[in-house]
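What follows is a single structure, written as structure tokens, with notes after it.
The values are calculated or read from the model by the stated rules, or taken from the named source; none is laboratory data. Quick caveat, the model's predicted, so the values are computed rather than measured. When we count neighbours, we look across all protein chains shown, and the Cβ atoms used for this are built from the backbone with ideal geometry, even at glycine. Only protein heavy atoms, including side chains, enter the accessible area calculation; ligands, DNA and RNA are left aside. Shrake-Rupley method; radii C 1.70, N 1.55, O 1.52, S 1.80 Å.
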Amino acid sequence: MTNINSIESQSGSSAMDRVKQVFRMDAIGILIALIVLCAAITIVAPHFLSGYNLTVLTRQASFVGLIALGQTLVLLIGGIDLSVGANSALSAVVGALLLTMYGVNPYLVIPLTMAFGMFLGLINGAIIANMRLSPFIVTLATWEIFAGLNLVITEGYPVRPLGAEFNWFGQASILGLPIPVLTFLLVAVILTWALGYTRFGRNIYSIGGNRTAAILVGIRVARVELFVYGISGMLAALAGILYASRMDSAQPSVGEAWLMPAITAAIIGGTSLSGGQGTIVGTVLGTLLMAALSNGMSLLNVSGFWERVVVGGVVLIAVLIDFIRRRR
Amino acid sequence: MSDIPALEVHGVSKKFGNAHALRDVSLTLRKGEVHSVIGENGAGKSTLMGIICGRLQPDTGTLQRDGKQVRFASPREAQSSGIAIAPQELNVLPMLSVAENIMIGAQPRGTFGISWSETRKLAEQFLHEIDEDIDTSTPMGELSAAHQQLVQIARATASHADVLIFDEPTAMLTDREAEKLFLFIARFKQRGGSVLYVSHRLNEILELSDSISVLRDGELVAQIDPAEATKEKMVNLMAGREVKSLHISGLRKQNNDQRETVLSVQNLTRKGEFEDISFDLRKGEILAISGLIGSGRTELGKCLFGLQPPDSGKVLINGREVVHSSPSDAIQNGLIYLPEERKKEGLFPLLSVAENICIASLDRFKGLFGLRQGAMVKRSAPYFSSMKLKAADPSIPISTLSGGNQQKAIIARWLMKECDILILDEPTRGIDVNAKFEIQALLTELTDKGLSIVFISSELQEVLDVSDRILVMHEGKMKGLVETNSVTQERLLQIAMT
Ligand SMILES: Nc1ncnc2c1ncn2[C@@H]1O[C@H](COP(=O)(O)OP(=O)(O)OP(=O)(O)O)[C@@H](O)[C@H]1O
Ligand SMILES: [Mg+2]
């Protein structure tokens, strides 16, 4: 099945088998799609591959990507978190206020914001895990609540300016990589490891695969679920505050546009909506594919209206490829 | 009865990846006969039935129905040609009523859409041919696994098929329900219907069959006449070699009286499920719980495991009172429960066989950089041979194993997790005769090392074979606690009924 999900075979397999195995990996379809897409865009718009453009592209991808990573965990346990976009915005505003109104040290603001976002996520998790309510309904409700609270606090006005020291996080680069991109990759690596090599991660796959059986093997299902929503909330807040730092402004409306692309990235990356199946690698590639698509279209001056049609089409194609691959 | 067979299978082969599940199998089902197909776990029985009922497509080979060549692209096509199956695994709609589960897709219509009263009436008619006790208005999910199995059989009969396929229908049934099913099969035969019957219970194969086909490793190795068949002969044909003993009885030591009590259950009650249950489980003992469906055995096991709280009563482990509010509490106290319904309660279908075995013992695979996946494969390997678990590779998804082999993996899961008290609920369900013997022997060996087992089984012979003492339950009440070597099957039924 998936490369991470399955355990490496001990039996000596030939090189040919290895090659075949690679082609059966879940992420391979999307990797090929990504390469083809990038090649196609480069042919029509050669500056697609310029260092500047790639920096813009990946930085843009990293905000949605952080949310998509959290969403992947939630989808893996068979849930969904619709409140992430609103969480990003509310947490960013709270973080920005800590900085501007209360003069909190910029280095402290980021962890505090993440803690706040995690708290919001834990609220979701506590309700869903302990009362066995539908995650769709619970997070739909908290989405509204978070978004509403945000407007109550800000009355719709952005919180700015945030100051050069703080903006470093969103604007600077290390070794040529923007900090948000580094953060995204770091989180992806940690989660890949956690899903493949910790009990917490294996429990996530078990719960999504068969919740009843997970309870019966002694997994503390409610606790795992609680933490998964907490992590999702924490990553949403991280995306929100990094974006605020990048823009020198925490805008109440930011994040609203992140929810669907994040879910989409996870799904074209091979994460199943019914739980138990999916990988972080897939989600990272899915995020990059979505970002390349939207970046490519703006390079080619395609109207934003058409962009949505194309994105929808790409999702359908990805799902179809997956369907055909699994039937074989 | 005409001479044209109801169904002919010609040279059917089927491969999954590189593994042959079926190789050039041919078989003839005459009208009005019960044709049994037997074989060890993974021999290809369910695959063959899947092809006949349109769930799977053969790679090569053909099917003939009443003398005409047919191809079933889907189960629906097979059904419209009069072939229906009651599959090995439960496959039901838990939220819908029993009636709707039986009539799904064929609900009768009235003036305003579906006529529910008519639906219920028809469903009752079909169900009561097999079991009179089940109420058709209950939601399916509230029934016990055995009753769900019966409803699933009724659903097959409701399709007006004249070829019925039963894939291990009695695996979860007690003798009483099984008898009723056999009576139904006899009536069905008389009406001219034909039956393909798969089971690991050789007694019933001998009792029911008009012909017997034996599969081994995907090949049809023999057709035997039931009049000349014996259990030994069937077992040898299935295994492809001489199998020595099949009964473990005699292996048990009987001097348990002096041993200390590890689990003490005192007046345990859960309203509507079981009441006032008291027993002591001694160290190294196998205590069987016997009783008909609805006797509250499974509920008792689940309650001890912390899945549902008791209303009153006490549980002591090693003399200390314990309260289990979740399975993880119970596991920490060294008590483990193996659930009866593997698909719903045991399997992680997307995970590998190795990981399904190791999932309850993950703390043992902690390494410097997290879980050591390679170690899981290595540590689960011994169970493959000791339990005769047949799998191409430990890293394939468990859902590609045959039903019996899945069950072995789940037993292995709990054997790997070390514990003091093991509650096994129908552990050998779907496991072939030969492997069953191995597993019973293995359990006996473990009790010598100090493991204590509560063994729930619907099969009386098995209860008598493996246990030291037997607790008899009926409709939630404890009817007696007897020494195994002092009772017979008849006596056990008597105790239950009085
Ligand atoms: N979907 C599948 N993918 C891969 N292999 C499969 C699949 N289904 C069955 N097999 C393999 O085909 C073989 C035959 O399986 P089958 O389920 O027919 O056995 P069976 O005789 O019904 O055994 P049991 O008594 O355990 O039910 C097994 O080796 C099994 O692993
Ligand atoms: Mg089978």
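General observations
- The listed residue being within 14 Å of ligand 1 (Cβ to nearest atom) and not basic (Lys, Arg), out of B:Ala106, B:Ala21, B:Ala78: B:Ala21
- Test: residue in region B:76-94 that is away from ligand 2 (no atom under 16 Å from the Cβ), farther than 17 Å from B:Ala158 by Cβ and either within 14 Å of chain A (Cβ to nearest Cβ) or more than 30 Å from the chain's Cα centre (by Cα) (or both): yes
- Residue match in region A:212-220 (condition: free of Cβ contacts under 8 Å to residues at least 40 places away in the same chain, among the hydroxyl-bearing types (Ser, Thr, Tyr), within 28 Å of A:Asn130 (Cβ to Cβ) and not in a helix (DSSP H, G or I)): no
- Matching entry among B:Val466, B:Val433 (being open to solvent by 10 Å² or more (accessible area, probe 1.4 Å) and either touching a strand residue (DSSP E or B) at 6+ places or on another chain (Cβ under 8 Å) or within 30 Å of B:Gly240 (Cβ to Cβ) (or both)): B:Val433
- Residues that are in a helix (DSSP H, G or I) and within 9 Å of chain B (Cβ to nearest Cβ), drawn from region A:186-211: A:Trp193, A:Ala194, A:Gly196, A:Tyr197, A:Arg199, A:Gly201, A:Arg202, A:Asn203, A:Tyr205, A:Ser206, A:Gly208, A:Gly209
Residue-wise test of (1) of a type in the set (Val, Ile, Thr); (2) touching a Lys or Arg at 6+ places or on another chain (Cβ under 9 Å); (3) within 29 Å of B:Lys408 (Cα to Cα).
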position: B:Thr444; (1), (2), (3): yes, yes, yes
position: B:Leu460; (1), (2), (3): no, no, yes
position: B:Asp465; (1), (2), (3): no, yes, yes
position: B:Asp468; (1), (2), (3): no, yes, yes
position: B:Glu483; (1), (2), (3): no, yes, yes
position: B:Arg491; (1), (2), (3): no, no, no
position: B:Ile495; (1), (2), (3): yes, yes, no
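- A:Ser253 passes every criterion in (1) in a helix (DSSP H, G or I); (2) more than 18 Å from the chain's Cα centre (by Cα) apart from (1).
Residues are listed down the side, and each one gets a yes or a no for (1) open to solvent by 10 Å² or more (accessible area, probe 1.4 Å); (2) within 16 Å of ligand 2 (Cβ to nearest atom); (3) part of a helix (DSSP H, G or I); (4) out of contact with any helix residue (DSSP H, G or I) (no Cβ under 7 Å at 6 or more places or on another chain):
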residue: B:Gly42; (1), (2), (3), (4): yes, yes, no, no
residue: B:Ser46; (1), (2), (3), (4): yes, yes, yes, no
residue: B:Gln69; (1), (2), (3), (4): yes, no, no, yes
residue: B:Ala73; (1), (2), (3), (4): yes, no, no, yes
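- One residue from B:Glu490, B:Glu475, B:Glu483, B:Glu459 being among the charged types (D, E, K, R) and under 17 Å from B:Ile411 (Cβ atoms): B:Glu459
- Among the residues making up region B:75-112, a single one is open to solvent by 20 Å² or more (accessible area, probe 1.4 Å), within 24 Å of B:Val195 (Cβ to Cβ) and assigned to a strand (DSSP E or B): B:Ile85.
- Scope region B:48-57; condition open to solvent by less than 30 Å² (accessible area, probe 1.4 Å) and more than 16 Å from ligand 2 (Cβ to nearest atom); matching residues: B:Gly54
- Counting residues in region A:175-185 that are touching a residue at least 40 places away in the same chain (Cβ under 8 Å) and at the interface with another protein chain (Cβ under 9 Å from one of its Cβ atoms) gives zero.
- Some residue of region B:113-124 being in contact (Cβ under 8 Å) with a residue 24 or more places away in the chain and buried (at least 21 other Cβ atoms within 10 Å of the Cβ): yes
- Look at (1) of a type outside the set (Asp, Glu); (2) open to solvent by 30 Å² or more (accessible area, probe 1.4 Å); (3) in a strand (DSSP E or B) and you find that B:Ile336 fails only one, number (2).
This table checks each residue for (1) open to solvent by 30 Å² or more (accessible area, probe 1.4 Å); (2) of a type in the set (A, V, I, L, M); (3) not assigned by TED's automatic domain parsing to the domain that holds B:Leu268.
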position: B:Leu304; (1), (2), (3): no, yes, no
position: B:Pro309; (1), (2), (3): yes, no, no
position: B:Val315; (1), (2), (3): no, yes, no
position: B:Asp329; (1), (2), (3): yes, no, no
position: B:Lys344; (1), (2), (3): yes, no, yes
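- Selection status of B:Arg120, under 30 Å from B:Ile4 (Cα atoms), charged (D, E, K, R) and more than 20 Å from the chain's Cα centre (by Cα): no
- Flag if B:Thr119 is assigned to a helix (DSSP H, G or I) and within 16 Å of ligand 1 (Cβ to nearest atom): no
- In this entry, A:Thr271 is excluded by the filter for residues that are in contact (Cβ under 8 Å) with a residue 60 or more places away in the chain, among the hydroxyl-bearing types (Ser, Thr, Tyr) and part of a helix (DSSP H, G or I).
- Evaluation of B:Thr488 against the conditions (1) over 25 Å from B:Lys378 (Cα atoms); (2) in the same structural domain as B:Ser361 (by TED's automatic domain parsing); (3) not aromatic (Phe, Trp, Tyr) shows that the sole unmet condition is (2).
- The residues in region B:324-363 that are over 20 Å from the mean Cα position of the chain (by Cα) and either in contact (Cβ under 8 Å) with a residue 40 or more places away in the chain or more than 9 Å from chain A (Cβ to nearest Cβ) (or both) can be counted, and the count is 14.
- One residue stands out among those in region B:24-40 that are open to solvent by 10 Å² or more (accessible area, probe 1.4 Å) and of a type in the set (D, E, K, R): the one that is nearest to ligand 1 (Cβ to nearest atom), which is B:Glu40.
- Meets criteria (open to solvent by less than 70 Å² (accessible area, probe 1.4 Å), at pLDDT below 90 and more than 23 Å from A:Ile123 (Cα to Cα)) for A:Arg160: no
- Selection count where residues are over 27 Å from the mean Cα position of the chain (by Cα) and over 13 Å from B:Val265 (Cβ atoms), scope region B:292-318: 2
- Looking only at residues of region B:364-405 that are part of a helix (DSSP H, G or I) and charged (D, E, K, R), we find that the one that is nearest to the other protein chains (Cβ to nearest Cβ) is B:Lys378.
- B:Asp420 away from chain A (no Cβ under 14 Å), more than 16 Å from ligand 2 (Cβ to nearest atom), of a type in the set (D, E, K, R) and over 30 Å from B:Lys231 (Cα atoms): yes
- Restricting attention to region A:208-253, the residues that are open to solvent by less than 20 Å² (accessible area, probe 1.4 Å) and under 18 Å from A:Asp81 (Cα atoms) total 15.
- Among residues of region B:165-208 being within 16 Å of ligand 1 (Cβ to nearest atom) and in a loop (DSSP other than H, G, I, E, B), the one that is nearest to the other protein chains (Cβ to nearest Cβ) is B:Met172.
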